[in-house]
Amino acid sequence: QVQLVESGGGLVQAGGSLRLSCAVSGITSTGTGFGWYRQAPGKQRELVAVRNSDGFTNYADSVKGRFTISRDNSKNTVYLQMNSLKPDDTAVYLCWAYRGLTNYWGQGTQVTVSL
């Protein structure tokens, strides 16, 4: 059974940093891509960052230069380092894994950025 469990969310002031973690189990990292989406109230779910199985990364324009996705295979964990946070970054952040046509989702972790 594949499980993605996020942690690291919380309340932070604008300009601050957070690091989200996604503990992955039940799926091999080989051939699996990972990413982070976010869902804000009243807005569509947005792909924030993705790292494919070959290590290539891509980011939403709104977070380029501020967010970094990484993976530690030894810990079976995917990270999202978020710097220079803005109130517009407030959302539930969901960890995503994909393998072929199959997608897996975590439950999400809340990130709130205050002025």
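The values are calculated or read from the model by the stated rules, or taken from the named source; none is laboratory data. The shown structure was predicted, so the numbers you read here are calculated from the model rather than taken from an experiment. All Cβ positions, glycine included, derive from the backbone under ideal geometry; neighbour counts span all protein chains shown. Side chains included, ligands, DNA and RNA excluded: accessible areas come from the protein's heavy atoms. Shrake-Rupley method; radii C 1.70, N 1.55, O 1.52, S 1.80 Å.
If you average the sequence gap of Cα pairs under 8 Å that are 6 or more apart and divide by the length of the chain, what percent do you get for the contact order?
Relative contact order, the chain: 36 percent.
So, with +1 on the Cβ of K and R and -1 on the Cβ of D and E, and no other charges, what is the size of the charge dipole of the range 1-63 about its Cα centre, to the nearest 20 debye?
That gives a dipole near 120 debye.
Could you do me a favour and compute the accessible area per residue for the range 1-86, 1.4 Å probe, result in Å²?
Per residue, the range 1-86 has an accessible area of 54 Å².
Could you work out what % of the accessible surface of the chain is carbon and sulfur, using a 1.4 angstrom probe and leaving DNA, RNA and ligands out of the count?
Reported share for carbon and sulfur atoms: 47 percent.
Report the extension gain between Leu47 and Ser25 in nm, rounded to one decimal, defined as 0.36 nm multiplied by the number of residues separating them, less their alpha carbon distance.
On the way: separation 22, 0.36 × 22 = 7.92 nm, distance 2.18 nm.
Result for the pair: 5.7 nm of gain on full extension.
Mind putting a number on the dipole of the chain about its Cα centre? Charges go on the C-beta only, +1 for Lys and Arg and -1 for Asp and Glu, and I need it in Debye to the nearest 20. Mind dumping the intermediate values first?
Details: 11 positive and 7 negative charges, 7 e Å.
Its charge dipole is roughly 40 debye.
Dividing the convex hull volume of the alpha carbon atoms of the chain by its residue count, what do you get in Å³ per residue? List each step's numbers first, then the result.
Details: hull volume 11.2 nm³, N = 115.
Enclosed volume per residue, from the Cα hull, is 97 Å³.
Can you give me the distance in nm between label points at Thr57 and Gln110, each placed 7 Å from the Cα along the Cα-to-Cβ direction?
With each label point 7 Å from Cα toward Cβ, the separation is 2.8 nm.
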